[in-house]
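Below is one structure, written out as structure tokens, with a few remarks after it.
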Amino acid sequence: MTASTASTATLRRAVFPRAGILTDALLVLGGALFVALFAQISIPLPFTPVPITGQTFAVLLVGGALGTVCGTLSMGLYMFLGIVGVPVYADHAHGWHVVTGATGGYIMGFLVAAAMVGHLADRGWDKKFSSSGTMMLTGNVFIFLCGLLWLQHVLHTNLEKTLEYGLYPFVPGEILKLYLAAALLPGAWALVRRMRS
């Protein structure tokens, strides 16, 4: 950054002190809408109420790109929009009954995963592909842990059936999605930095 651009940035911050807040608000909204978009990539499975979706990929990418605070706020906004009636969940679903239904644990897990992935990204885990992949895997574990615990509670199934309904069919796709999210994270970071600069 040259002295000229640095002084311009300083002047802009002095004249528009809330520009950072506005940018972060737009990033939070954009992250929620990004997850909503990927929620519509949904493939129902005949033997389980849990569909294959693109949500986990989007949640991991948003958490890593936005960091702890904005990533968590983005997933909180996503949950809130769905609860109040905006059709942002898989298959354009919405409402409190979705969050309290069989797949609600995964949605709650998005909030936890975004916070965890954002926390690790803020501490530099996003700098290398290997650590970035581990970061995304950690986020995925939290999504599925929350999802499986709630699925078992709602369906009253034993552990084996819960894993059959909520984990085993999704493992190959989740591995692909977490590596894809790790690969795209540097580009997402660059976009976020550009918006914040």
*Filter result (of a type in the set (S, T, N, Q) and touching a strand residue (DSSP E or B) at 6+ places or on another chain (Cβ under 6 Å)) within the range 35-77*: S42, T53
*asked:* As an exercise: evaluate V171 against (1) touching a strand residue (DSSP E or B) at 6+ places or on another chain (Cβ under 8 Å); (2) hydrophobic (A, V, I, L, M, F, W, C); (3) without any contact (Cβ under 8 Å) to a residue 12 or more places away in the chain and give the number of the one condition it does not meet.
replied: (1)
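Okay, residues lined up against (1) hydrophobic (A, V, I, L, M, F, W, C); (2) under 17 Å from the mean Cα position of the chain (by Cα); (3) buried (at least 17 other Cβ atoms within 10 Å of the Cβ):
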| residue | (1), (2), (3) |
| --- | --- |
| A32 | yes, yes, yes |
| V50 | yes, no, yes |
| G54 | no, yes, yes |
| V62 | yes, yes, yes |
| M79 | yes, yes, yes |
| V88 | yes, yes, yes |
*Filter the range 1-41 down to the residues that are of a type in the set (A, V, I, L, M, F, W, C), modelled with pLDDT under 50 and outside any helix (DSSP H, G or I), then identify the one that is nearest to G82 (Cα to Cα).*
F16
*Filter pass, G67 being in a helix (DSSP H, G or I), surrounded by 20 or more Cβ atoms within 10 Å (Cβ to Cβ) and in contact (Cβ under 8 Å) with a residue 12 or more places away in the chain*: yes
*Can V99 be described as of a type in the set (A, V, I, L, M), surrounded by fewer than 16 Cβ atoms within 10 Å (Cβ to Cβ) and free of Cβ contacts under 8 Å to residues at least 40 places away in the same chain?*
no
*V117 is checked against (1) crowded, with 16+ Cβ neighbours inside 10 Å; (2) part of a helix (DSSP H, G or I); (3) in contact with a Ser or Thr (Cβ under 6 Å, 6 or more places away or on another chain) and fails just one. What number does that condition carry?*
(3)
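Take the conditions surrounded by fewer than 15 Cβ atoms within 10 Å (Cβ to Cβ), outside any helix (DSSP H, G or I) and without any contact (Cβ under 8 Å) to a residue 24 or more places away in the chain and apply them to K161. Does it pass? Quick ask: steps written out before the conclusion?
Details: surrounded by fewer than 15 Cβ atoms within 10 Å (Cβ to Cβ): yes; outside any helix (DSSP H, G or I): no; without any contact (Cβ under 8 Å) to a residue 24 or more places away in the chain: yes.
For K161, the condition - surrounded by fewer than 15 Cβ atoms within 10 Å (Cβ to Cβ), outside any helix (DSSP H, G or I) and without any contact (Cβ under 8 Å) to a residue 24 or more places away in the chain - is not met.
The values are calculated or read from the model by the stated rules, or taken from the named source; none is laboratory data. None of the values given here were measured: they were computed from a predicted structure. Note that each Cβ is placed from the backbone with ideal geometry, even for glycine, and that neighbours are counted across all protein chains shown.
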